[in-house]
Each structure stands twice: as structure tokens, then as C-alpha cells.
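K.L.:
Once you've had a glance at the structure underneath, I'll fire off some questions.
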Amino acid sequence: MTASSIFGTSSGLLHRFRAVPVDVSDLHDVASELLPRLATPRLHLALVRRPGAGTVLRVEEDERSQQVPLVDLADDMSRAGVPGTATGIATALRTWVARRPVTDDAAARRGIAVLDWADDTETEVGWTVVVVRGDLALPWAPSPAARTVELHRTRSAATGRAHDVSLDVRVEGPLALWSHRTVPVLATSALVAPELMLHRIVTAGLTTPDMHVVVTPQRPVVCAAPGVARRLAGQASEASVTMAWREVVDLPWL
């Protein structure tokens with residue numbers, strides 16, 4: 001993941017020429033004030049001074065633990081074009097903390113089943129569990145300690161929550177588009193119940209007896225007749241997977 005994608009900022013050439021590098025001491029000052037406010041009984045955030053090796057930001061939550069040298073974090077922020085102001089640094093630091101790994105417990109309590117890419121070549125999709133933090137959806141990677149029964153339980157609960165995600169559906173000619181207003185990947189949560197999708201599409205005014213879906217993770221889900229779906233996928237600039245609605249529920253878990 002690039003620095004710009006982590007912090008959600010522009011990394012354009014002109015922006016980087018104008019940006020003032022993030023100073024490590026300024027980052028330390030902002031972190032010292034902000035981290036106690038972000039911490040929870042389960043989430044521990046600390047600045048740890050290492051003699052002769054600088055300060056690291058340590059994040060601990062349940063079974064997850066990670067740490068990053070402040071100098072590296074400041075460099076990442078600078079490359080991402082984060083403004084070197086207290087406000088800019090605080091915003092980027094909040095984003096960095098929000099993107100921390102998802103714990104097994106958080107996935108069990110708040111996970112939602114969605115579809116994501118199953119391979120780096122973006123040719124196959126599969127089911128995964130994400131936890132929503134603000135407008136971010138973070139994927140869950142089970143810890144080595146997670147038992148098989150816990151995996152099944154978490155995935156089953158995430159599938160149940162997917163039924164309750166509020167989605168927008170609109171019909172445009174021969175297409176039905178499913179989307180989420182703030183977290184794009186949640187659009188695929190509708191696919192846990194394709195029969196209900198069919199019913200809602202018909203109610204919205206589009207009849208597609210042999211509905212196919214065009215899945216592009218992080219984008220709205222398109223439903224259409226087979227020929228229309230394949231034609232749309234062929235014209236798109238982004239990678240996607242097209243399949244019959246009956247095939248969706250049999251996709252593997254990632």
C-alpha cells in the first residue's frame with residue numbers, strides 16, 4: 001500500500017513540490033496530544049523512546065501489535081503530501097490509526113461479509129469479512145490463534161449482518177446498480193442474498209429472469225441480462241468479474 005493510499009491525500013507532482021515535509025518533532029508533539037484521545041480500553045497507543053534508535057509509535061489491540069519508527073511515519077506522510085501543520089498531521093495520524101489491523105474479536109462482533117479480489121491479477125473474487133471504521137472498510141485476516149470453529153462463527157455472523165446493510169438501488173435502462181453512500185465495497189454485501197436482489201430489482205421496474213452480476217470491488221454492483229452484463233464488462237476500463245446470480249453464494253472465502 002502506498003503512502004498516499006494510507007493517508008488518503010494527493011501525491012501529484014505539483015502538490016509534492018509545494019508541500020512542506022512533515023517534521024518528526026512536530027509529529028511527536030501532535031501524537032503526544034492526540035493518541036490518548038484515540039485510545040480505548042482495548043486499543044493501546046504509545047510513543048516508546050528507544051535509546052540510540054529514536055521513538056516508535058506502538059499500537060496494541062487484543063492479539064494485534066505493530067510499531068513504526070516516527071521518522072518513517074513522518075517520511076510516509078511527507079511523500080503522501082500531508083500538510084506539515086498540526087491539523088494536517090493530526091488528520092493523517094487519525095487515518096493511520098484507523099487503518100490498523102482488524103482483530104479477531106472486532107471481526108466477530110462487527111464484521112460484514114463482502115466480495116473482494118482473490119488474487120493480485122484481479123481475475124477472481126471471493127468472500128471476505130470487513131470491519132467498518134468511519135468511511136473505511138478494513139479486511140480481516142484471521143490471526144494464527146483463530147480456531148476453525150471461530151472462523152466459521154465469525155463468517156456466519158458477518159453474512160447475517162450483510163443482510164442488514166442499507167444500500168441504494170437504481171434502475172438505468174437495462175441495468176440495476178447497487179451502491180453504498182459512504183463505503184463502496186459494502187455494495188457487494190447485497191450478494192449474500194441474490195434472490196432478494198432479484199425481488200427488489202423487479203420491484204424497481206427491471207425484469208431480468210437470468211440475471212448476471214458484474215462485480216468490481218470498491219465499485220457499485222451491476223445487475224443485467226447476460227449479454228448486457230458481458231458487453232458492459234468488456235467496455236469497462238477496470239477489471240471485473242461477471243457471473244450468474246446463482247454462482248455468487250458458492251464463491252470461496254478468502
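Every number here is computed from the coordinates shown, using simple stated rules; none is lab data. Keep in mind that what you see is a predicted model, and the values were worked out from it rather than measured. Ideal geometry is used to build each Cβ from the backbone, glycine not excepted, and the neighbour counts take in all protein chains shown.
K.L.:
Please give the helix 148-162 orientation as an angle from the longest Cα principal axis of the chain, in degrees from 0 to 90, rounded to the nearest 10.
P.N.:
Rounded to the nearest ten degrees, it is 70.
K.L.:
Output the peptides 96-104, 196-204, 145-153 sorted from most to least packed, where packing is the average of other Cβ atoms within 10 Å over each peptide's residues.
P.N.:
Top to bottom by mean Cβ count within 10 Å: 96-104, 196-204, 145-153.
K.L.:
Report, in degrees rounded to the nearest 10, the 0 to 90 angle that the Cα long axis of helix 86-98 makes with the longest principal axis of the chain.
P.N.:
With both axes taken from Cα atoms, the answer is about 50 degrees.
K.L.:
Which of the peptides 65-75, 22-32 is most tightly packed, and how do the rest follow, going by the mean number of other Cβ atoms within 10 Å of each residue?
P.N.:
Peptide ranking by packing, descending: 22-32, 65-75.
K.L.:
Okay, moving on. Based on the mean of other beta carbon atoms within 10 Å per residue, what is the order of 185-194, 79-88, most packed first?
P.N.:
Packing order, densest peptide first, comes out as 185-194, 79-88.
K.L.:
Something else about it: Given contacts defined as C-alpha pairs under 8 Å and at least six residues apart, what's the relative contact order of the chain, whole-number percent?
P.N.:
Relative contact order, the chain: 14 percent.
K.L.:
Run the helix sum for the chain: -39,500 (n - 2.57) per DSSP H stretch of 4+ residues, divided by residue count, reported at 222 nm to the nearest 500 deg cm²/dmol.
P.N.:
-10500 deg cm²/dmol
K.L.:
Using a 7 Å offset from the Cα along the Cα-to-Cβ direction at both residue 230 and residue 71, what is the distance between the two label points in nm, to one decimal?
P.N.:
5.8 nm
K.L.:
If one takes the longest principal axis of the Cα atoms in the chain, at what angle in degrees, from 0 to 90 and to the nearest 10, does the Cα axis of helix 194-204 lie?
P.N.:
The helix 194-204 is inclined about 70 degrees to the chain.
K.L.:
Here is a further query. So what is the relative contact order for region 168-250, in percent, with contacts set as C-alpha pairs under 8 Å and at least six apart?
P.N.:
Relative contact order of region 168-250: 31 percent.
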